[in-house]
Structure formats: C-alpha cells, structure tokens
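Data first, discussion second: the structure below is written as structure tokens.
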Amino acid sequence: MKRSGYITALISLFCIVAFTVGCSMAGNDFTTPDPETAESDMSRLVITLHSGVFSAKTIAPPITMEIASYDIRGTGPDPLYDHFSDPANTTGFLTLSALNTGLWTITVAAKNAAGTIIGHGQTEPPVLLSAGLVTNAQIDILPLAGPGEFNLAVQWPKGAHKNVSAQASLTSMITGQDLAPVFVFTPPGNPETGTYSNSAIEAGYYLLLLRLYNTGVQFWGVAESVRIIAGQTTSQSWVLN
C-alpha cells in the first residue's frame, strides 16, 4: 500500500470524542470571594472540554485510553481567594457562578477508569472574566507529551534463516521523521531472534515498515501503525512458523 493511502486510512480510524452533556453547577460557589463584593459585580464561567485523546489502535500499550473523568481546576486573579476545583467531572461541561473578574487559568487532567492520567488541557492564554457577563472557555484535551518505550521482537525456528538482515523504518505521522530502527539478531552466526528496543520515543503515532531477509531474499515483512504513549511501554512480538 502506498504511504499516502496508508496514512489516509489510518487517520480515518481516529475519532475525536466531544463531550457535550450539560451539567449545571450554577448553585455551587467554588471560590472564596470578597464578602464586600456585590453579586452584580461577579462573573459566570462556562467550561466545555473537547477530547483529542484517541482510543488505542494496532500496536499500542496495554492501557485504556478512554476518558472516564476530568479533574478541572481554576485559579483567578488572587490565588489566595480565587480558585475552584471539580476533581471528578464526568461530563466535560461545567458552569460556575459568582467568580471574581479578571484573568483565570484553568487546567484539566483527563483520567481513564483506573484513575491514570491520559490527557491534559489548559486555557492558554488565561480567560478574562468581565463583570455581569458569561464567558465561555473551550479547552482541548490532548494526549500527554513526553517519551515512551517501544520494544519489538521477531522469532523463527532454529536453523531456518542463517544470514538474516533487516530493512526497517519507524516514521512519525506528525513530523515525517524516520527513527531508522536497528535490529539486533541473536545468537550470532545462526540467529533465531531479531529485536529492537528504544526507551525514549516521543509520544505520538508512527508507521512501522519491517522486512526481514535471508541472504538478500525477503522471507517476512509487516506494515503496522504504532502508538507511543508518554510513560508507557508499547511492545509487539511475532513468532514465525
């Protein structure tokens, strides 16, 4: 399959989940406003979250990437008094009232059902709340950035292939950079296994192309999409008969 066609097919698998179920919390006051501040001088904030965390596809770590809850926190112009938190939001929607006017920074941690943080989001720049007005803040939830680990292994019957070599590429779907994986074959002279390991691959989606040769003749190959998740290990092994 041509690379452009493969990438188009892969992208069609990714589904951005938007949480639009409303949850009114207008009766709750998550801040500690100045008691001398009149209600008419306060602001309202409506927060809507949009998830860019995708379900795992093809070769991926054994971790659930479905969002179960959000930990939403906000800090206003006076950090000592202006703050709120909703640590177990399940709707992706939050309404707050009686907030002091000024700049507010809102951070969100997305968690799966096991409580593992799998995504994050933040207002950048901070949102400006004005007296007597309703401000809408839409926050995109994205996968965590950072390195993850990737391990591959291919095994075949002893003596089946004595002079083995590999042609491999691991290409980022975002940057187009090929990490050019190098396989190690063991034992020397009469290999039975080929392995590749990298403990610091940036999180994201990659296209793996791997071909194995015996004395210059291809005897096996694979093309797979790979997902690397920050702080997680992605592994795959194949046993050839």
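Taking the fewest neighbouring Cβ atoms within 10 Å as the starting point, the ordered list for LEU210, LEU80, LEU133 is LEU80, LEU133, LEU210.
Stretched out fully, how many nm does the piece from VAL134 to THR193 gain, at 0.36 nm a residue minus the Cα gap?
Taking VAL134 through THR193 to full extension adds about 15.0 nm, to one decimal.
In terms of its alpha-carbon gyration tensor, the stretch 147-239 comes out prolate; a/c meets the 1.5 threshold, and the first ratio a/b outweighs b/c. For HIS83, nonlocal amide neighbours, meaning residues 5 or more places apart or on other chains whose placed amide H falls under 5 Å from its own, are THR32, GLY76.
Local charge for SER69 was computed over the other residues whose Cβ lies under 13 Å away, with Lys and Arg +1 and Asp and Glu -1, and equals -2. Let me know the shape class of the stretch 73-163, please: from the alpha-carbon gyration tensor, a ≥ b ≥ c as square roots of the eigenvalues, rounded when a/c is under 1.5, otherwise prolate if a/b is greater than b/c, or oblate. Here the stretch 73-163 falls in the prolate category. Sorting LEU128, LEU49, LEU209 from the fewest to the most surrounding beta carbons within 10 angstrom yields LEU128, LEU209, LEU49.
As a proxy for reagent exposure, ranking ILE228, ILE139, ILE201 by other Cβ atoms within 10 Å from fewest up yields ILE201, ILE139, ILE228.
Each reported figure results from applying straightforward, stated rules to the coordinates on display, with no laboratory input. Because the structure is predicted, anything quoted here is derived from the model rather than measured. Glycine also receives a Cβ, built like all others from the backbone with ideal geometry; neighbour counts cover every protein chain displayed.
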